[in-house]
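What follows draws every value from the coordinates through simple rules; no lab data is involved. Remember, it's a predicted structure, so these values are computed and weren't measured experimentally. In this analysis, Cβ positions are derived from the backbone assuming ideal geometry, glycine residues included, and neighbour counts consider all displayed protein chains.
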Amino acid sequence: MDLRQLPASPAPGEVNLVVEIPAGSRNKYEYNAEAGVMVLDRVLHSSVRYPFDYGFVPNTFAEDGAPLDGMVIMDESTFPGCLIRARPIGVLDLLHGGCRDGKLLCVPIADQRKQHVVSIRQISPTQLADVKEFFRTYRSLDGQSTTILGWLDQESVPALLERCIAAAAADRPVASGGPPPGPPP
């Protein structure tokens, strides 16, 4: 699976997202670009499970040197390696390992029932709280520190995405700074 020719953003307001981990899974898969396959990185040793399909936007570099992370709200989970054309509706802004590590929250373009969803303000506050708690819990159980800065709405997405696409084009991680901190919705 060679992702080098896949655009990060196929159209304004959209991203291509490659699923690494389906919703409900405790298996943490990661894409290995050298081998072109998904690899089982580890099994989460706690009772937490990924709340949404989780993956990355190809041909981007975030501040941590990895592709920009994202989650897609799906009614049915997909599978590792699935390509989803998605609309980002917000960002979970967090600090991990001294770097900003924003996670896009998206809805699938292919799901007609989610065409009206354009903002994280349309997502249940309990769902958003569950996602924040997942990242706080799973990282702390791995002995890592994560600071959850909060949710940023859709208007924070374009600048973050542009920086990550430009960083990949320059073949270096995005300069520190990340999305501006803002109050959760």
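Out of segment 91-119, which residues are out of contact with any Lys or Arg (no Cβ under 9 Å at 6 or more places or on another chain) and either assigned to a strand (DSSP E or B) or of a type in the set (A, V, I, L, M, F, W, C) (or both)?
Residues satisfying the conditions are LEU95, CYS99, ARG100, LYS103, LEU104, LEU105.
Go through (1) among the charged types (D, E, K, R); (2) under 13 Å from the mean Cα position of the chain (by Cα); (3) assigned to a loop (DSSP other than H, G, I, E, B) one by one and return the number of the condition GLU34 breaks.
Every condition holds for GLU34 apart from (2).
Tally the residues that are part of a helix (DSSP H, G or I) and surrounded by 13 or more Cβ atoms within 10 Å (Cβ to Cβ), restricting the search to segment 131-158.
Residues in segment 131-158 being part of a helix (DSSP H, G or I) and surrounded by 13 or more Cβ atoms within 10 Å (Cβ to Cβ): 14 in total.
Six or more apart or on different chains, Cβ atoms under 7 Å: show the pairs whose first residue is in segment 11-33 and under 17 Å from VAL118 (Cα atoms) and whose second is surrounded by fewer than 17 Cβ atoms within 10 Å (Cβ to Cβ).
Listed by first residue and then by second, the contacts come to GLU14/ARG85; ASN16/LEU6; ASN16/PRO7; ASN16/PRO10; ASN16/LEU83; ASN16/ARG85.
Please work out which residue is nearest to HIS96 (Cα to Cα), limiting yourself to segment 57-71 and to residues that are in contact (Cβ under 8 Å) with a residue 40 or more places away in the chain and charged (D, E, K, R).
Only one residue fits best here, namely ASP64.
Does at least one position in segment 26-45 carry a residue that is of a type in the set (Phe, Trp, Tyr) and surrounded by 14 or more Cβ atoms within 10 Å (Cβ to Cβ)?
yes
Using the structure shown, decide if THR78 is farther than 24 Å from PRO158 by Cβ and in a loop (DSSP other than H, G, I, E, B).
Yes; evaluated as a whole, the condition is true for this residue.
For ARG100, state whether it is of a type in the set (D, E, K, R) and under 18 Å from ILE148 (Cα atoms).
Against the criterion (of a type in the set (D, E, K, R) and under 18 Å from ILE148 (Cα atoms)), ARG100 qualifies.
Would you confirm whether any residue within segment 99-117 is among the small types (Gly, Ala, Ser), closer than 21 Å to PRO67 by Cβ and either in contact (Cβ under 8 Å) with a residue 24 or more places away in the chain or surrounded by 17 or more Cβ atoms within 10 Å (Cβ to Cβ) (or both)?
Scanning segment 99-117 turns up at least one residue that is among the small types (Gly, Ala, Ser), closer than 21 Å to PRO67 by Cβ and either in contact (Cβ under 8 Å) with a residue 24 or more places away in the chain or surrounded by 17 or more Cβ atoms within 10 Å (Cβ to Cβ) (or both).
Could you check segment 145-165 and list, in sequence order, the residues that are free of Cβ contacts under 8 Å to residues at least 60 places away in the same chain and under 22 Å from ALA23 (Cα atoms)?
Once the filter is applied, which keeps residues that are free of Cβ contacts under 8 Å to residues at least 60 places away in the same chain and under 22 Å from ALA23 (Cα atoms), segment 145-165 yields THR146, ILE148, GLY150.
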